[in-house]
Amino acid sequence: MFKKILIANRGEIAIRIITTAKEMGIQTVAVYSDFDRYSLFTKLADEAYHIGESPSSKSYLLADRIIETAKKCGAEAIHPGYGFLSERGFFAKMCKDNGIKFIGPGHEAIDLLGSKTEAKLLAIKNEVPVVPGTEKPLTDFSLINKIAKDIGYPVLIKASAGGGGKGMRVVNEEADLESSLRTAQSEAKSSFGDDSVFIEKYIESPRHIEIQVLADEHGNVVHLGERECSMQRRHQKIIEETPSVIIDEKLRNEMGECAKRIVKAAGYSNAGTVEFIVDKDNKFYFLEVNTRLQVEHPITELRTGLDLVREQLKIASGEKLSLKQEDITFTGHTIECRICAEDSLNNFMPSTGKITFMNKFLGNGMREDTGILEGDEISVYYDPMISKLVAHDSTREEAIAKMKRALKEYRIEGIKTNIPFLLQLLDCKEFIDGNYHTQFIEKEFLKREPEKLTEDKDTLAALSIAASLFKKNKSAGIFNNNHVSNFNNNHKANNHTPSNWVKKRAENFR
Ligand code: MV4
């Protein structure tokens, strides 16, 4: 095992990695930007080195400087976390060329799977279902036109180099094909420096289900079940859960085996995630492989009892997987909510500033992954995620109840958060029934009639209580401190109540 590793990341994920490393007796090295000089992760690491200015392009993306730091301090391996350099094949290769172990897959696998068309070809070769369409990048309009006709509208144009939804275009009819193609190609060119695109049947309102895998460097692969990630807005996941209400054991095994075949065929090692979409008939289609540890990995950890970072470190140091597929067991239900610094009542505008007050009561069965303390500042430089709250319990209902309780007891002042939005989502009928898909928030939830909510008695009652408490005692202790600014956290969202509360509620709060 490594004696010392460098963490090329910041915030909650840097801390997540540092904690496991420490528990394994591994020395930890943080690198930090100007902004992060006093951040929690720099304090928790055994050593910390300044690498540049606050913008990530001048710090966390500086591959040379990070490698130079690792060499200088004697770190044998680098954990890239997620984002930043985590899925850059060139960085994995630079590590290798400098005799530093990259804690993740080899650069060849990263580059292979980074191309959506190469990944799709690999899936087809390994009998993994893909969405009908092409797997080769196309440029010739008349050919694209013919293929679109064959697969039938609506079709989806995707950038070969894309991923995460960038450079995608839905085309509803032939008349729009040519202009959509031009736009998709120029978007792909400017985003990825590569204008090649491919085309697929557009699956309307699919579920997003992903399979976690672990692969060692000796050809052994296991899957750790699925994560349901359909509750998303603009490709940002908001709530994730496992198991998915639509996945039974048979489907889980089928998708799991497909994920394992792709990963094996790619010569992949370390932790990875195979993404699928699932249509209304529960047919699943491979989309892409994420070659990193993902934000939502904790829900898999709680349901399997495994520490994915520990597994990553063991794999990267050359150990064989100690687990066989039949050793993987699943317990209970787990949900994660991403608490973000944004104003859900004002078009989800990023909310920056100093966190002047923070208090929470997690309680039994809750986990929080965060890198933020009271007094910290939320800046424009990095991701607006403040915290990942994770609930684990025997049943879905109990896990939801636990999450709602903890969210209501979570207090942040100084910035706005999406906690009221999360509570609304957890209370809506579709979430309760498990009947939601990737377009649910944008196409349904945010478009609902706002009137009903303002008539809601609970909301009105909570509003008046909040106002009177505020007048009576501004500093009434941690759980009723400044109820007006905290009202968002407090209000009782009503079941089945619709929620295009966005504008309307903003008025209520003035
Ligand atoms: C699709 C699709 C529907 N049909 N492909 C979005 C991100 C990229 N990974 C692929 N994505 C999609 N591909 C076909 N043929 C719908 C999406 C999609 C989506 C997928 C997963 C999670 C969230 C999503 C949100 C919008 C669209």
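The values are calculated or read from the model by the stated rules, or taken from the named source; none is laboratory data. Here the structure is a predicted model, which means the values were calculated and not measured. Neighbour counts are summed over all protein chains in view; Cβ atoms, including those assigned to glycine, are modelled from backbone coordinates with ideal geometry. What goes into the accessible areas is simple: the full protein's heavy atoms, side chains included, and nothing from ligands, DNA or RNA. Shrake-Rupley method; radii C 1.70, N 1.55, O 1.52, S 1.80 Å.
Only one of these is crowded, with 17+ Cβ neighbours inside 10 Å and more than 30 Å from residue 204 (Cβ to Cβ): 90, 84. Name it.
Unique residue meeting the criteria: 84.
Of the residues in region 93-132, how many are small (Gly, Ala, Ser), in a helix (DSSP H, G or I) and either more than 15 Å from the ligand (Cβ to nearest atom) or open to solvent by 30 Å² or more (accessible area, probe 1.4 Å) (or both)?
2
Of all the helices (runs of 4 or more DSSP H) wholly in region 332-448, which have at least 2 residues that are open to solvent by 20 Å² or more (accessible area, probe 1.4 Å)?
Hits in region 332-448: 396-408, 429-433.
Looking at region 147-203, what strands (runs of 3 or more DSSP E) fall wholly within it and have at least 3 residues that are modelled with pLDDT of 90 or more and crowded, with 19+ Cβ neighbours inside 10 Å?
Result: 155-159, 197-201.
Residue by residue through region 214-231, note down the ones that are more than 13 Å from the ligand (Cβ to nearest atom) and under 18 Å from residue 245 (Cα atoms).
Quick first cut of region 214-231, residues more than 13 Å from the ligand (Cβ to nearest atom) only: 214-226.
Across region 214-231, the qualifying residues are 224, 225, 226.
Quick check on my filter: what residues within region 231-287 are in a strand (DSSP E or B), open to solvent by 10 Å² or more (accessible area, probe 1.4 Å), of a type in the set (A, V, I, L, M, F, W, C) and within 30 Å of residue 384 (Cα to Cα)? Reasoning before the result, please.
Going through region 231-287, the residues in a strand (DSSP E or B) turn out to be 231-233, 236-242, 270-278, 284-287.
From what's left, open to solvent by 10 Å² or more (accessible area, probe 1.4 Å): 232-233, 236-238, 275, 277, 284-285, 287.
Those left that are additionally of a type in the set (A, V, I, L, M, F, W, C): 238, 277, 284, 287.
Listed by number, the residues that qualify are 238, 277, 287.
Within region 341-369, which residues are under 19 Å from the mean Cα position of the chain (by Cα) and closer than 11 Å to residue 412 by Cβ?
Passing the criteria: only 341.
Among (1) free of Cβ contacts under 8 Å to residues at least 40 places away in the same chain; (2) away from the ligand (no atom under 14 Å from the Cβ); (3) outside the structural domain of residue 313 (by TED's automatic domain parsing), which single condition is residue 181 missing?
Just one mismatch for residue 181, condition (1).
Just the residues that are more than 23 Å from the chain's Cα centre (by Cα) and not in a helix (DSSP H, G or I), please, taken from region 302-327.
317, 318, 319, 320, 321, 322, 323, 324
Could you tell me whether any residue of region 371-384 is hydroxyl-bearing (Ser, Thr, Tyr), within 22 Å of the chain's Cα centre (by Cα) and within 24 Å of residue 424 (Cα to Cα)?
Within region 371-384, none of the residues are hydroxyl-bearing (Ser, Thr, Tyr), within 22 Å of the chain's Cα centre (by Cα) and within 24 Å of residue 424 (Cα to Cα).
Assess whether residue 278 counts as being β-branched (Val, Ile, Thr), more than 15 Å from the ligand (Cβ to nearest atom) and at pLDDT 95 or above.
So residue 278 fails the test.
Confirm whether residue 421 is more than 30 Å from residue 306 (Cα to Cα), touching a residue at least 12 places away in the same chain (Cβ under 8 Å) and within 16 Å of the ligand (Cβ to nearest atom).
Considered against the rule, which asks whether it is more than 30 Å from residue 306 (Cα to Cα), touching a residue at least 12 places away in the same chain (Cβ under 8 Å) and within 16 Å of the ligand (Cβ to nearest atom), residue 421 comes out as no.
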